[in-house]
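First the structure, in the form of structure tokens, and then the observations on it.
Every number in this text was worked out from the coordinates using simple rules, so none of it is lab data. If you're wondering where the values come from, they're calculated on a predicted model, not measured in any experiment. When we count neighbours, we look across all protein chains shown, and the Cβ atoms used for this are built from the backbone with ideal geometry, even at glycine.
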Amino acid sequence: MCGIVGYVGKRECADVLVDGLKRLEYRGYDSSGIAVFQNGKIAVEKSKGKLVDLESKMEKQGKPQGHCGIGHTRWATHGEPSDINSHPHGNKRVTIVHNGIIENYRQIKEFLIGQGYGFESETDTETVAKLLDYFYSGDPIETISKMIDKVNGSYALGILFRDFPDTVFAVRKESPLIIGLGEGENFIASDVTPILKYTKNYYLLEYNEIAVIKEDSVTICTPEGKEIHKEVHTADWDVDAAEKGGYEHFMLKEINEQPVAIKTTIAPRIQEGMPYLEESGLTMEMLKNYRRIFVVACGTAMHAGLVGKYVIEKLARVEVTVDIASEFRYRDPLIEKEDLVILISQSGETADTYAALKMAKERGADTLGIVNVKGSTIARESDIVIYTHAGPEISVASTKAYSVQLSIMYLLAFELAYAKGAISKERCMELTKQLADIPEKLNEVLGIKERCQFIASRLVNAESLLYIGRGLDYALSMEGSLKLKEISYIHSESYAAGELKHGTISLVTEDMPVIAVATQSNLLEKTISNVKEVKARGAKVNVICTEDVEIGKDVANHLIKIPKMEDLLMPLLAAVPMQYIAYYTAVLKGCDVDQPRNLAKSVTVE
Ligand code: F6R
């Protein structure tokens, strides 16, 4: 959701900016633009649409030439996607790119109109640009400080002042921004992916720190102008991790990366055959004392939480409440000091999940972030953080991040169950061993792609689909359904199989294909009964089950068989056919798999 890049150095700035923006494309956007100092003046180019539209515009009109500038991909919030609403915004004296939402922009706009300012766009960003111009005194730091005092909301800003043609200024509150530290060149970016090609070293900009970036120096100061000495971070992702590496889409690459991602995530957290989460600060003593657990997240991450709930409650007998973050933050939840609130987030920047974290902290509960992006806001502000090591997830549709989130939830469930005395050490070790075997089994499951391609070819013309399952299969089917919807644009719903006959079965006809997940041995008979019910109403049924299960043609039209493991761990294996089915259906429909319409990878606004 909105991407920012900035560059100062010897390279052709427009090229660096456009290349950087391409690496941020995955965040989702609908327009883009750059501003570059050209002969001491700020030259701006922007365009609605994809970066190719900006590139072809620049090809026709000539791209701005220079070595210092800022760029932006916009995901519309205030005002439709259009050339005029695209960033950069400002005037000849001050030009900015912005990520975030300015809450009091109407008041600021009215004030500035009163001061004689005119506005071209419908954006909140333009008010900040004009406010900076209004305050401009010749001293950028003083100007930015005054702006900070007046503006409410979230922002990461890249700023150019005409009088400083060799400098990019930056400031942030809530929205993320990093400063890339190169040799004779420096960068700003929304995350590390645009800088990896040039450097792995970066600073994390904290709230209301102001960065002054020149080709051979980076200075960070407080709004009062006091210099701050920052720790240099080093990215552990390499540039290849953010490339397609021969795959047609990032999503397919990321589905195939799951065995390695899980292994990298769990290996350091297993010691002598037992889960070991102490390193992150989560001790056995703490686990023993938690009364209840809340898991708060959005979308796929929330679905990982649902699987976690089943497993924790089953093994540890501790009550777990799973909440959608946007609901949790407004429902005045009954959190107490003895509770643990777990926030799951790939990006670590999701606005609602972050708001839930703040609320949980205010109420005195311990907070645990399960986060993929190092140094992200949720990671930094949680009391305890467990990083998932999925590497960069570029495709908007989450796949490998889901698997690693599940893996951590499993380790946590095993350790908690052991800490609470609900399972023996032997059982804990046995479960941990099975989890450690998952990557190998997953390699086997990844081999069923042709079967999933075939199923996808049967779904491609459907208008609506039903996913059904019971227990953990139901939790997983929610994720399968979301995956299909978001990338193939086919409507689908997931339903607890036993609940169908209380209403939803009336929708079932021969035009409504059904995907049933039946991996839980204790619920198999029950799920098969539900499969028979929908088949009897004409539905074409595809069943995902374990290899030992026999289901006749009269019961299901097509089967997808996967290796059998401990029931509790089956979601990790069954996720793959779900992901493949969504992927191949979207490919067959000719959809933009990695960047589905209207979606952003990192949802930094409410
Ligand atoms: C779906 C998807 C989203 C995210 C959700 C939370 O494929 O990716 O549903 O899971 O937006 O994002 P994070 O995990 O970054 O908080």
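Miscellaneous remarks
- Under the Karplus curve 6.51 cos²θ - 1.76 cosθ + 1.60, θ = phi - 60°, whole-Hz ³J(HN,Hα) for the stretch 554-560, x wherever Gly or Pro sits: 6, 9, 9, 6, 9, 10, 10
- Cα centroids of the stretch 58-112 and the stretch 470-549: 46 Å apart.
- Cα gyration tensor category, rounded, prolate or oblate, for the stretch 448-589 with a/c compared to 1.5: rounded
- Rh (Kirkwood; distinct C-alpha pairs) - the chain, Å: 25.4
- Which listed pairs, of K57/K449; K309/K564; K200/K253; K60/K173, have C-alpha distances above 32 Å, in listed order: K57/K449; K60/K173
- The Cα center of the stretch 1-52 and the Cα center of the stretch 121-138 differ in position by 20 Å.
- Dipole of the stretch 423-537, positive end: most advanced residue of P513, L500, I448 [Cβ charges, Cα centre]: L500
- Lys/Arg +1, Asp/Glu -1 at C-beta; the chain dipole; positive extreme among T353, A462, S488: A462
- On the basis of the beta-carbon distance and an R0 of 56 Å, A436 and K214 show a calculated FRET efficiency of 0.70.
- The charge dipole of the stretch 250-441, taken about its Cα centre with unit charges on the Cβ of Lys, Arg, Asp and Glu (plus for the first two, minus for the last two), comes to roughly 180 debye.
- Hull volume per residue, based on the alpha-carbon atoms of the stretch 250-441 and their convex hull, is 99 Å³.
- A crude spin-label estimate for the pair K553 and E525, with each label 7 Å from Cα along the Cβ direction, gives 2.7 nm.
- With neighbours defined as other Cβ atoms within 10 Å of a residue's Cβ, the residues T527, T234, T167 order from fewest to most as T234, T167, T527.
- Helix runs (DSSP H) in the chain reaching 20 Å along axis by Cα, Kyte-Doolittle at least -1.0: 299-316, 400-419, 425-445, 472-488, 570-588
- Summing Cβ point charges (Lys, Arg +1; Asp, Glu -1) relative to the Cα centre of the chain gives a dipole of roughly 800 debye.
- FRET E, pair R93, K60, Förster distance 35 Å, beta-carbon r, rounded to 0.05: 0.80
- Equivalent ellipsoid semi-axes, the stretch 341-416, via Cα gyration tensor eigenvalues times 5, rooted, Å: 20, 16, 9
- Scalar couplings 3J(HN,Hα) for the stretch 72-86, obtained by applying the Karplus form with A = 6.51, B = -1.76, C = 1.60 to θ = phi - 60°, are 7, 10, 9, 10, 4, 10, 10, x, 5, x, 7, 4, 5, 6, 5 Hz; x denotes Gly and Pro.
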